[in-house]
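Notes for the one structure printed next.
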Amino acid sequence: MRASPAAVVLASALAVAGFALPGAATANADPLVHTYSIVARDPATGEMGVAVQSHWFSVGSIVTWAEAGVGAVATQSLVDPAYGPKGLELMRQGVPAPKALAQLVAADAGRNGRQVAMVDASGAVDAYTGPNAIAAAGHHVGAQYSTQANMMGKPTVWPAMAKAFEAATGSLADRLLAALEAAEREGGDIRGRQSAALLIVKAKGSGRPWVGADRLYDLRVDDHPQPVAELKRLVRLQKAYTHANRGDELMTEKKVEEALKEYAASAQLAPEILELPFWQAVTLASIGREAEAAPIFKAVFAKEPIWADLLERLPAAGLFPDDKPLIARIRALKSQ
């Protein structure tokens, strides 16, 4: 991966000043992705994940790596993205995360500028911070997690992340977000903020990674004035759509009441997304519960009338009864 012009200029300036980083003064220099991150495994669920924030565009495209049933990797500072796929390959072969990390660092001529953390499916974890990582830089390895940061405003950032992660409750996504928020409260990146990302995978792989089922969260905020806050919003939406998708699965299994509970939970999590209650109402009306569906349809149509027009297209797709009087009654709610 080629560095940006800014990274090349900076690397060249450092070299002129006598602070050459291995491999950094060429056109093929590694990207200077200074940041803070956390890798972790949830001992209750076996889920593994990475969360990161940086004053660098699209940090999630470089730093975050994870594979269901295998492990998670964060690679940053004078970043070599190859630590991601190489680390996962070693862990996939059964090499524990600490040994995999040590092996890759030992073979890396640019190790002095790296910062990398890895956790495997058993919860083994380790991190490395090279001596040339820009201060404040360091890491904290805890029970099945590691926090790491470089170019921070002060050296209390990664300890604050660790403390927040250990104290947080809820899902792994909630706890990873708590660590990022703690880093921001502690001052975070000395340059400010620009992008963030969250990647969480399941404890066991499905054998079909191409369908996305192994990834519970794969979210990126590439450029935003408040990337952590925006990432938190996206996590909320992901939870809402996860409930909606589960509702669809339950409907195919003819578990109507359970499906309706999932749809309701989805709509409650993201009330601003009108499509979620719309499909909840479609489901209710489709199974003869028009009275329950009517107020939901009415509320949706009042905000976005276009959904009433979409309803008429559903019977041809097999997604709604071909019942013209029923459709007419529902469409009439648009003008009430």
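The values are calculated or read from the model by the stated rules, or taken from the named source; none is laboratory data. Please read these numbers as outputs of a predicted model, since none were measured by experiment. Heads up, the Cβs are rebuilt from the backbone with ideal geometry, glycines too, and the neighbour counts pull from every protein chain shown. With ligands, DNA and RNA removed, areas are computed over all heavy atoms of the protein, side chains included. Shrake-Rupley method; radii C 1.70, N 1.55, O 1.52, S 1.80 Å.
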>> If you fit an axis through the alpha-carbon atoms of helix 97-106 and take the longest principal axis of the Cα set of the chain, what angle between them do you get, 0 to 90°, nearest 10?
In response: 40
> Roughly how tilted is helix 157-167, in degrees to the nearest 10 and between 0 and 90, from the longest Cα axis of the chain?
Replying inline: 40
> What does the charge add up to near Ala197, with Lys and Arg as +1, Asp and Glu as -1, over the other residues with Cβ less than 10 Å from its Cβ?
Replying inline: -1
> Among Leu104, Leu199, Leu88, whose mean-square fluctuation peaks in a Gaussian network model of the chain (Cα, cutoff 10 Å)?
Replying inline: Leu104
> Highest GNM mean-square fluctuation, the chain, Cα pairs closer than 10 Å: which of Leu274, Leu234, Leu314?
Replying inline: Leu314
> Met151 accessible area, nearest 10 Å², 1.4 Å probe?
Replying inline: 30
> Rule-of-thumb check for the chain: C-alpha Rg over 2.2 N^0.38 Å?
Replying inline: 1.19
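Which of the GluC sites (Glu not before Pro) found in the stretch 224-296 are loop residues per DSSP with 14 or fewer other Cβ atoms within 10 Å of their Cβ? Please report the intermediate quantities before stating the final value.
Values: sites: Glu230, Glu249, Glu253, Glu257, Glu258, Glu262, Glu272, Glu275, Glu290, Glu292; in loops: Glu253, Glu272.
Passing both the DSSP loop test and the Cβ count: Glu253, Glu272.
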>> Given a 1.4 angstrom probe, what's the average accessible area per residue across the stretch 36-152, in square angstrom?
In response: 31
> How far, in degrees from 0 to 90, does helix 172-185 lean away from the longest principal axis of the Cα atoms of the chain, to the nearest 10?
Replying inline: 60
